[in-house]
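Data first, discussion second: the structure below is written as structure tokens.
Derivation of every value follows stated rules applied to the coordinates shown; laboratory data play no part. Predicted model only: the values in this text are computed from it and were never measured. Methodologically, a virtual Cβ is constructed for each residue, glycine included, from the backbone with ideal geometry; neighbour enumeration extends over all protein chains shown.
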Amino acid sequence: MTVPSQDVLRKLFSDLMDRLASGDANVVRPDDRLSELCNLILLKLDGDRRAKAEGEEAEVRWRALSTPEDTARMIREWFRNFTRVYPELFTSEEERTLRLTDRSIHLVVEALEEYRLIEAGSEAVAQAFQVLRTEALRSADGQFFTPQSVIRAGVLLAGVEWDDLVIDPACGTGGFLIETFFNLAERAKGDPAQAVRWAQTHLYGVDKDHVAVKLAKAVMQIGGDGSAHIFRGDSIRRHEWSKSFPYLQSELKEGRFDLVLTNPPFGKDLVVTAEDLDASGFSIHRAGGTSMKKVPIGLVFLELAYWLLRPGGRVGIVLPETYFFSRSYRFVLDWLRPRLRPLVVANIPMEAFQQYARAKTSFFVFEKLASEPDIEAPVLFLNPHTCGIGPDGKDIPDNELWEHVLLSKKGELPPGAVQVRLGEVYRRGVLVPRYYDPRYEEPLNRLLEEKGLEGVSLGELVERGFLEYRFGHGSPDRLNRRGEVPYIKVSDLRAGRVNVNPTNLVPREVARRLWRGEESGLRAWDLLTPIRASSNIGEFAVLLPGEEERVLTKEVLVLRSTEEGEREGYTPFYLFWALSLRAVRESWRRVTLMQTNREDVGDYWKEVRIPKPKSPSWAEEVSRPVREYLEGLVQAQRGLLGLRAQEEEGFTFVPFLRPPSVGDKESENNPGGNTST
């Protein structure tokens, strides 16, 4: 027998899946085919391990006999006895029975009999198993294949010690467990066998999916037989353990583990009810005075990790960032504060999971507190922009995630990294690397220094009464988008203009309902920008005279200069000039976070800074080109007034040619409304 290479194994496994799909009528579902192939791979590994132990004289059990019927009969009997070794994995009569046809079993035995899988090397086999792992993990269930680049960086970031008892309570196919073994094996330079012994006693894993657990066991057997403590079961619902998963009750104890490494499933419908949470002793759904009826399962796994850890133990976990900045999840930081101290947060670029979902994630490392948190302690934020995976899901050489983790482990700060006081993190209510990355503010800081200017935040302008703000009105349903009042979506705010889409016009009665009155509340020269669900956040458009009758989607922020603000130089034209500076626009990226899978600024727009005018006359001078441009647009629109008479004669025009409601004496004399000239 020969030892297969990684490439040989990948092709072999892929070919077997294809041949079973086309030639076996007993198992028609992909999951069933995968489960059956996993059963046979486990059996092959069992035979290889026994042969290795008994030496050259050992009987070769895994072999094709003279007929498919004889081969299948032998394999079925062997498998029946094998299932008794893992009763927690094969829990029903159906699972203890091979369902493949005799011919398919014979085919698999023939394909594998020339190879010694057990000696192929755990890393080679783990990589080859990606063919099967990708099949095993179904995005519809929120079970996403965690890329090796993310696993490798996460294990190094969390730090694995020889004394650590490690568990992944949502282990899937064992990616974090096998990487933990690799990490320890690299350090066992004197006696590599010590890493194998360590894996046998220090690695634990649990998952509900029986196919994923089989793959995890197979990989860990090859790696060093760290499969003894990989269980199938529901690690969340502890109240069901005694009845359904008694082996979990005996193995998973409160405070037993030193390190939890996991990427729990996440998705819109993956939640745990308050009833189950109460029954299992969880508390996160009642943190901060809340009383949640259901909680995303990822947050429940975070509390499970807290329960499993001893004081001083660590958890490294992949979670969506929305839990750590969104107003809807403020209770999460309230729950964290007395329990888990954040040590490191590393950005995971979108490309990592883009094949499965657009949820923006980070890798979080927390320490279980034994006493009150030290608010002076630092939290390290890493914000790499690449992770070795391209937008198409294929490997690329650029992997800042790994590079930044390596530098941080050496005590160095990579580009964009920063250490922030824990007290400051809780004051700001944000635990997301992007928010603290100083690179987004550097262009503006350079500009201010070069021009001898000071910066002032939009929030400060609001507090001083120089600026007012409001948000959009709301969204009509699609059945109410035929009328005469333009409905403005975030995509309509482009190139400084509030564009009208002729397919989005609402009846006036619908507009009044969304306005909550007879008028829109908008004024000429208001500045508009998307603040949610748009890549154009921070790009402003100006509402010209005659465009006040608009319905704005609620994802729009409206800024308006006050009379007092204009006296200080903050005219609409200056604000538009300042907010259109490339350096200011770049700074919006810092506060544009991802709420699940949509961009969201929340209240953090108030932190955006613009140059403070040296004087009102200076502000008027630098913004003069903007004023002339906008007033020129108003003049150009007045050219359409001649169409008004034609409309009265029965001609009707598309929305952007509709005659504007301007031309009265006040507008002609002062096109900037209350703006000083």
Checklist line | Potential lengthening between Arg61 and Lys410 on full extension [0.36 nm per residue; Cα-Cα distance subtracted] | finding: 120.7 nm
Notebook entry, point to check: Hey, what number do you get for the chain at 222 nm if only DSSP H runs of n ≥ 4 count, each worth -39500 (n - 2.57), divided across all residues, to the nearest 500?
Noted result: -11500 deg cm²/dmol
Notebook entry, point to check: Based on the Cβ-Cβ distance of Arg598 and Lys394, what FRET efficiency does E = 1/(1 + (r/R0)^6) give at R0 = 25 Å, to the nearest 0.05?
Noted result: 0.45
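For a 20 Å ceiling on Cα separation, which of these pairs sit above it: Lys44/Lys208; Lys253/Lys360; Lys208/Lys253; Lys360/Lys554?
Violating the 20 Å limit, Cα to Cα: Lys44/Lys208; Lys253/Lys360; Lys360/Lys554.
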Checklist line | Nearest 10 degrees, 0 to 90: helix 148-158 Cα axis against the chain principal axis | finding: 90 degrees
Item checked: Inter-probe distance in nm under a simple model that places probes 7 Å from Cα toward Cβ, at Val8 and Asp31 -> 3.4 nm
Checklist line | Nearest-20 debye value, the chain charge dipole, Cβ charges on Lys, Arg, Asp, Glu | finding: 780 debye
Notebook entry, point to check: Mind checking which lysines have their C-alpha under 28 Å from Lys189, skipping anything on the same chain fewer than 8 residues away?
Noted result: Lys52, Lys217, Lys409, Lys410
Next item on the list: Apply the Karplus parameterisation 6.51 cos²θ - 1.76 cosθ + 1.60, with θ equal to phi minus 60°, to every residue of segment 373-387 and state each ³J(HN,Hα) to the nearest whole Hz, in sequence, with x for glycine and proline.
Entry: x, 8, 5, 8, 5, x, 10, 8, 10, 10, 10, x, 9, 9, 9
Next item on the list: Between Leu447 and Arg567, take the C-beta separation as r, use R0 = 30 Å, and let me know the FRET efficiency to the nearest 0.05.
Entry: 0.75
Next item on the list: In whole Hz, with x marking every Gly and Pro, tabulate ³J(HN,Hα) for segment 548-553 from phi via Karplus 6.51 cos²θ - 1.76 cosθ + 1.60, θ = phi - 60°.
Entry: 5, 7, 9, 9, 9, 4
Checklist line | segment 527-553 residues near the modelled Phe471 label - backbone nitrogen below 18 Å, point 7 Å along Cα→Cβ | finding: 527-539, 551-553
Margin query: Need one number: nm distance between label points at Lys52 and Ser283, each 7 Å from Cα along Cα→Cβ, rounded to one decimal.
Written below: 4.6 nm
Notebook entry, point to check: Which of Ser250, Val506, Ala578 sits farthest toward the positive end of the charge dipole of the chain, with +1 on the Cβ of Lys and Arg and -1 on the Cβ of Asp and Glu?
Noted result: Val506
Item checked: Eligible lysines near Lys612 by straight Cα distance, threshold 28 Å, same-chain separation 8 or greater -> Lys451
Next item on the list: For Lys208, list long-range residues whose amide hydrogen, built 1.01 Å from N in the peptide plane, is under 5 Å from its own amide hydrogen.
Entry: Gly233
Next item on the list: Using amide H atoms built 1.01 Å from N in the peptide plane, name the residues 5+ places from Gly172, or on other chains, whose amide H lies under 5 Å from its own.
Entry: none
Check: Ala370 to Ser242: extension gain in nm, 0.36 nm per residue of separation minus the Cα-Cα distance?
Finding: 43.1 nm
Notebook entry, point to check: Considering amide H positions built from the backbone, and no H for Pro or chain starts, which residues 5 or more places from Val456, or on another chain, come under 5 Å of its amide H?
Noted result: Ile610, Lys612
Notebook entry, point to check: If you stretched the chain out fully between Ala495 and Asn81, how much longer would it get, using 0.36 nm times the residue separation minus the C-alpha to C-alpha distance?
Noted result: 141.9 nm
Item checked: Along principal axes, Cα extents of the chain, largest first, whole Å -> 106, 62, 47
Next item on the list: Can you figure out the FRET efficiency of Arg310 with Glu403, using R₀ = 25 Å and their beta-carbon distance, to the nearest 0.05?
Entry: 0.20
Notebook entry, point to check: Taking the Cα-to-Cβ direction at Thr652 and at Arg464 and moving 7 Å from each Cα, how far apart do the two end points lie in nm?
Noted result: 5.0 nm
